[in-house]
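The values are calculated or read from the model by the stated rules, or taken from the named source; none is laboratory data. Remember, it's a predicted structure, so these values are computed and weren't measured experimentally. Here Cβ is always computed from backbone atoms with ideal geometry, including for glycine, and neighbour counts include all displayed protein chains.
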Amino acid sequence: MPTAETAAQFASGSRYRQLLDAARQFSPIRTAIVHPCDAVSLLSAMEARQAGLIEPVLVGPRAKIIRAAADAGCELKDVEIVDVPHSHAAAERAVAMGRECKVEALMKGALHTDELMESVVDKTGGLRTERRMSHVFVLDVPHYPKPLFITDAAVNIAPDLDAKRDIVRNAIDLAHALGNPSPKVAILAAVETVSAKMQSTLDAAALCKMADRQQIVGGILDGPLAFDNAISSEAARSKGIVSPVAGQADILVVPDLEAGNMLVKQLVYLGGARAAGIVLGARLPIILTSRADDDEARLASCALAQLLVRRRET
């Protein structure tokens, strides 16, 4: 079960507000906003600043940033601007600032995710670590009693077993930062039995054995589990599944990006879930926002990055 702190943080009807409350006990993190040349990205950065989550550093063409701020009615007084000629240069400069410890996080502005991540994963000048980078969505699902993490639905298209190992480890790290010391990790597949014909079930079984051998620590793993068995105790009982994870999952590890992306969007658009997201496994957290995100999702994503950075320090 989640800790009392986590349960309170994500209590039904107040999870978003209490996530922000948990972040407010910490100082803002210095964050490079990469190519914030439209109203949405600028306003998002300023709102996160006002909420005490980040101290933004705007990295992009100065003239375009100032023009976008004027169009948005956004005041940039006392906000640092790092002037570069275009979006590709903005990504490179922001990554360099991260590598030099001049910022504590990156946040995507008005550029394509691929353009930003190309600089992040560069083998010579990027932000690689020994971990594979992966994305985690944290969802507040109305009829689920605790936060639900889904990974990876944005970065790794068809991860192999080694990549899935790091995907699991990254998600566990984030759960720890949010106050859950032993998250329950469900490795999803279409069925709950191991089949040589379904690679996702073989990967799930191998990941669980990795946990048994301490290659993955900090969480409780089980799989393969079908989605219903992972989130519904009743469904798990009906199939005779006895598991410390079934029906109680904190983290859902999907077989591939397509499955994860569809699952997240179904929960948001049909299930009324709220979603925040972050990229882990780099030297610093990367806040990937979408034009479809509302203000709450953007602020919540900044709060995730702030909590991750500040709680790692302690």
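Among the residues making up the stretch 129-142, those that are farther than 20 Å from residue 261 by Cα and out of contact with any helix residue (DSSP H, G or I) (no Cβ under 8 Å at 6 or more places or on another chain) are 129, 130.
Kindly establish whether residue 265 is surrounded by fewer than 21 Cβ atoms within 10 Å (Cβ to Cβ), without any contact (Cβ under 8 Å) to a residue 12 or more places away in the chain and in the same structural domain as residue 176 (by TED's automatic domain parsing). For residue 265, the condition - surrounded by fewer than 21 Cβ atoms within 10 Å (Cβ to Cβ), without any contact (Cβ under 8 Å) to a residue 12 or more places away in the chain and in the same structural domain as residue 176 (by TED's automatic domain parsing) - is met. Does the stretch 164-183 contain at least one residue that is more than 30 Å from residue 21 (Cα to Cα) and not β-branched (Val, Ile, Thr)? Within the stretch 164-183 (the criterion being more than 30 Å from residue 21 (Cα to Cα) and not β-branched (Val, Ile, Thr)), the answer is yes, since at least one residue qualifies. Any residue at all in the stretch 221-229 that is in a helix (DSSP H, G or I) and in contact (Cβ under 8 Å) with a residue 12 or more places away in the chain? Yes: the stretch 221-229 contains one or more residues that are in a helix (DSSP H, G or I) and in contact (Cβ under 8 Å) with a residue 12 or more places away in the chain.
Restricting to the stretch 263-281, name every residue that is assigned to a loop (DSSP other than H, G, I, E, B), aliphatic (A, V, I, L, M) and within 24 Å of residue 173 (Cα to Cα). Residue satisfying the conditions is 273 alone. Looking at the stretch 31-39, can you tell me whether even one residue there is closer than 21 Å to residue 310 by Cα, at pLDDT 90 or above, among the polar types (S, T, N, Q) and outside the structural domain of residue 181 (by TED's automatic domain parsing)? Checked against the condition, which is being closer than 21 Å to residue 310 by Cα, at pLDDT 90 or above, among the polar types (S, T, N, Q) and outside the structural domain of residue 181 (by TED's automatic domain parsing), the stretch 31-39 yields at least one hit.
Take residue 230 and decide whether it is within 21 Å of the chain's Cα centre (by Cα), in the same structural domain as residue 147 (by TED's automatic domain parsing) and crowded, with 21+ Cβ neighbours inside 10 Å. In short, yes. Residue 257 falls short on exactly one of the conditions (1) under 14 Å from the mean Cα position of the chain (by Cα); (2) modelled with pLDDT under 95; (3) of a type outside the set (Val, Ile, Thr); (4) not assigned by TED's automatic domain parsing to the domain that holds residue 38, and that condition is (2). The helices (runs of 4 or more DSSP H) located wholly in the stretch 27-142 that include 2 or more residues which are within 26 Å of residue 251 (Cβ to Cβ) and in contact with a strand residue (DSSP E or B) (Cβ under 7 Å, 6 or more places away or on another chain) occupy 113-120. Scanning the stretch 194-238 for residues that are within 15 Å of residue 163 (Cα to Cα) and charged (D, E, K, R) yields one hit, 203. The lone criterion from (1) at pLDDT 95 or above; (2) part of a loop (DSSP other than H, G, I, E, B); (3) buried (at least 22 other Cβ atoms within 10 Å of the Cβ) left unmet by residue 155 is number (1). Do we have residue 62 as modelled with pLDDT of 95 or more, surrounded by fewer than 16 Cβ atoms within 10 Å (Cβ to Cβ) and over 12 Å from residue 110 (Cα atoms) here? Considered against the rule, which asks whether it is modelled with pLDDT of 95 or more, surrounded by fewer than 16 Cβ atoms within 10 Å (Cβ to Cβ) and over 12 Å from residue 110 (Cα atoms), residue 62 comes out as yes.
When each of 169, 213 is tested for being at pLDDT 95 or above and closer than 30 Å to residue 114 by Cβ, the lone residue that passes is 169. Scanning the stretch 233-259 for residues that are assigned to a loop (DSSP other than H, G, I, E, B) and buried (at least 18 other Cβ atoms within 10 Å of the Cβ) gives 241, 243, 245, 246, 247, 248, 249, 250, 254, 255. Residues that are surrounded by 23 or more Cβ atoms within 10 Å (Cβ to Cβ) and in a strand (DSSP E or B) within the stretch 178-220 comprise 184, 185, 186, 187, 188, listed in sequence order.
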